[in-house]
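Here's the structure we're looking at; comments come further down.
The values are calculated or read from the model by the stated rules, or taken from the named source; none is laboratory data. Computed from a prediction, not measured in an experiment: that's the story for all the values here. Glycine also receives a Cβ, built like all others from the backbone with ideal geometry; neighbour counts cover every protein chain displayed. Ligands, DNA and RNA are excluded from the accessible area calculation, which covers all protein heavy atoms including side chains. Shrake-Rupley method; radii C 1.70, N 1.55, O 1.52, S 1.80 Å.
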Amino acid sequence: MSALLRQIPANIPQDIRKIRIENSHLTELPRGSFENVSALEYLWLNFNNITVMHIKSLEYLPALQELRLQGNKLSSVPWTAFQDTPTLKILDLKHNRLDVLPEHALRYLPNLTYLDLSSNQLTIISRDVFYNWPVYQRSQRTEGQIEAISNAVLALHDNPWICDCRLRGFVQFIKSVGPPIILMNSYLTCSSPKFRAGKFFHEVELNSCMKPLTSALDTNLTVPAGLNITLTCFVEASPSPAVWWTYALKLLRAFNVTTEPISEETVRSELLIPAARPADAGNYTCTAANFLGNTSVAINLRVVAPWASTTPRGWAPIAPAEPGAHVEVRIAKQTVYGITLEWFAAAAAAAEPGETWYTLLVGRYDAAQKDTIYIGPGVNTYSVTDLLPATKYEVCVAVRNQAPRKGQCVVFVTGSDVSQMEQREKLIHIVVIVCAMVLAVPAGMYACTAEALPGCLARCPTACPRRRRGGQAQAAGSKESTLDSIPAGSEDGLCGPEDVHSTRRTPAREEPGKTRPPHRNSADLY
């Protein structure tokens, strides 16, 4: 008792009939652990740390009658090991971690009079475990006869039984069992599902198992952008199925999914899409599975913009613009691959700064339709990337139910040869749209407001004389300008209307070993 033994002693006398090693440090029963004590009848190894029992650990023990392994850490037992103990009568395995009982577990225990499997982790077992038990089979053959059969005590209480269709046969067995098999505690209780937790076996009626059947109230949905959308599917199954959703943007947008039972055999699963975007359109598949199989139902979602394009440049809203909601937009950052916009909606932000949504319209300057991007509350920056060389672009920002106004658009032209960014100097082709300031962007890109400053066209011929290369241009400051906070660095003669001029600029020195930023795609929207 309480010895520091870590293995079965090898020098046990051969005529020993009883061994009791408890509260020690045994961790396993290896093969042939008791091969020198064939006369052994009683083996008590309670409250050790035994986790492994070899299939031949009971070899050479034909006289063994009692085996007690209470309070160990066995998660499984090699049941065929009991072929070597044909006279075993008492098997105590309570307070272990057994979670599975195979159908033929008791086949090699024909003379048991006491089997204790209480306080383990058994959840689902088949009634065939006991139908294959020789003790039960003898009781059925001699039912109504005078032949006396020894009683067999069976302890199965304090296990976390899952009372669904898989346990139906076992529950029926427990309800019908009688002498010579006696239950130590006949009040076995359910641990799950929740609506049966705490109920006794004799209080529940379990149905047969059923493969999942999935359905949805509407498999084709069209919704306006910006609304919170809930997709719902219903599943009939027994036992309760595992339910999951699949959709194209799952890696980018992890939507919240809730699944709850609404009846004994029906569950409801809901997927919530907050502030739906056009990019969220597509098929959403609800799949349910249990051990009998799986089925699925697909819901097609179409997300439409809250306004439609009517003018050639596509800026007309359906709803009238709210008066006074003006967006101040500026370029916050410029790289060789694009620009980052920053904006502030003065009137809208003053009212509900945490609930203001914005709409970005991005595309070629002359495109009739621009890509629409919806930006949620609390976000006031966006990076425009994946641009073609030598192309004129326009990006506009507006409060969601408004059309962009003057000063809310930025126009820029990309360089003609992005593959030569590493050169120390580069010939930049500048297309002058109106009298606009040229930004000190690297790699041949410049940006300007889409709207000219007041009177700019009238002043252009005289206000923009050719200057010495590398000189600083005077920033055209005006409250109405969206770029008034950006330092301007103009080059030679930029204001000739619709003229193209060439100049050379020295790009910013790159750090040695600096690698090109990774390519970005539409996933950046999320």
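Worth pointing out:
- Distance-filtered residues of region 61-85 - backbone nitrogen under 20 Å, label point 7 angstrom along Asp158 Cα→Cβ: 67-77
- Carbon/sulfur fraction of accessible area - region 210-304, other protein chains in place, 1.4 Å, %: 53 percent
- Once the 1.4 Å probe is applied to the protein heavy atoms, region 370-410 comes out at 37 Å² accessible per residue.
- For a straight C-alpha distance cut-off of 21 angstrom, the lysines reachable from Lys406 (same-chain residues fewer than eight places away being disregarded) are Lys370, Lys392, Lys479.
- Euclidean distance of C-alpha centroids, region 65-105 and region 185-226, integer Å: 34 Å
- In this structure region 210-304 gives 50 Å² per residue of accessible area when probed at 1.4 Å with all protein chains present.
- Amide H within-cut-off set for Ser57, under 5 Å, with H built and near neighbours excluded: Gly32
- Region 326-414, accessible surface, carbon-and-sulfur percent (1.4 angstrom probe): 53 percent
- Between Glu264 and Tyr187, the FRET efficiency estimated from the beta carbon spacing at R0 = 35 angstrom works out to 0.95.
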